[in-house]
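Taking it in order: structure first as structure tokens, then the write-up.
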Amino acid sequence: MFTFAALLFGLGLCLLVVSGIAVLLRWGEARQRRILERTPLVPFADWRPGRRRMAAAGMVTAGPAGLVVSPVTGTTCAWYAVDLVRDPSRRYDDSATSVDHLWAQEAPGPPALQDHTGQLLLDPRLLRRQSTDGDPPITTTTVRRYRRDDENLVPAIVPRDTFVGTRKHETLVLTELVVPAGRLVYAVGSARTDGGYTVLAASRRGPVTVLTTDTGEQVHHRRINAMADSRMMARAFSLTGLAVILVAGLLMWLVWPDG
């Protein structure tokens, strides 16, 4: 019984630790919310390098390279990127990733955002980022998988010498990202210049960079909901942890041998 009480006590402490982690998450979400609330929506004509972050709202249009056709799905779009990887990796060194990157191709130029005042180019690195806050991406993703017997189905645009010889346990994964023209976008980032163009890039400081098909109001509302969830989780884990520790202490008192 004493061992069981000690295990209960340890469980209670673990729950209190998880409660502390939830408090830290809530602090981070609250900070993000405050930053977003203070970030002004700036017309594209007024975007200048040097400011820490600004918000933008506009429609996806073709960049300097014009509209392009994606090589896998044949979609007319403002931008695309295609990657072919082999899963699992054949490398076994300490720095090896779980897959081998075999081939990649990207549209010849970035897409743009347009509002009533002007145009911003989108940094392609933003288009490959995955949001950790549940914001819907502006890209459409197509994933195709090929086994050894399916190598002849890999699109002809992929050089055959990059993947031929797939082994029985390996899978080729072809991923295409497409940014359709005409999609409405809300973004938070900073400005930089490249070849005379103003480019919307990641925020210069801090973790708050947003690029989504949601509106600014939806983005803010999602952060508020996340704060509420973290608050409830912290409260639930802390109360449960204290209750478990109390029960464990009571059991220890009951079974503690008399002097």
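Some observations on this one:
- Residues considered: V158, V17, V69. Largest GNM mean-square fluctuation over the chain, using C-alpha springs under 10 Å, is found at V17.
- The Q130 and L254 beta-carbon pair, evaluated with R₀ = 35 Å, returns a calculated FRET efficiency of approximately 0.10.
- Three-way shape label, the range 143-247, alpha-carbon gyration tensor, a/c 1.5: oblate
- On Cα atoms only, tilt of 216-255 relative to the major axis of the chain in degrees: 20
- For the pair the range 141-155 and the range 171-191, the centres of their Cα atoms are 22 angstrom apart.
- Each label was represented as a point 7 Å from its Cα along the Cα-to-Cβ direction; for D150 and L11 these points are 4.5 nm apart.
- Helix 2-38 axis, angle to the chain major axis (alpha carbon atoms, nearest 10°): 40
- Separation of the H169 and T73 label points, Cα + 7 Å toward Cβ, nm: 3.3
- Ellipticity estimate at 222 nm from DSSP helix runs (n ≥ 4, -39,500 (n - 2.57)) divided over the chain, nearest 500: -11500 deg cm²/dmol
- Highest-fluctuation residue, H101, H169, H116 considered, GNM on the chain with Cα pairs under 10 Å: H169
- Nonpolar atom fraction for the chain, defined as the carbon and sulfur part of the 1.4 Å probe accessible area, stands at 58 percent.
- Subtracting the Cα-Cα distance of Q218 and R91 from 0.36 nm times their residue separation leaves 41.4 nm of extension gain.
- In the full protein context, the chain carries 57 Å² of accessible surface per residue, based on a 1.4 Å probe and ignoring ligands, DNA and RNA.
- Answer label, with Rg/Rh (Cα atoms, Kirkwood Rh) calculated from the coordinates and candidates (1) 0.93; (2) 0.98; (3) 1.15: (3)
- Listed residues T73, T39, T117, most fluctuating in the chain (Gaussian network, C-alpha, under 10 Å): T117
- Pairwise FRET efficiency - R231 versus T141, Cβ, R0 = 25 Å, nearest 0.05: 0.15
The values are calculated or read from the model by the stated rules, or taken from the named source; none is laboratory data. All values derive from a computational prediction rather than experimental measurement. Methodologically, a virtual Cβ is constructed for each residue, glycine included, from the backbone with ideal geometry; neighbour enumeration extends over all protein chains shown. Heavy atoms of the whole protein, side chains included, go into the accessibility calculation; ligands, DNA and RNA do not. Shrake-Rupley method; radii C 1.70, N 1.55, O 1.52, S 1.80 Å.
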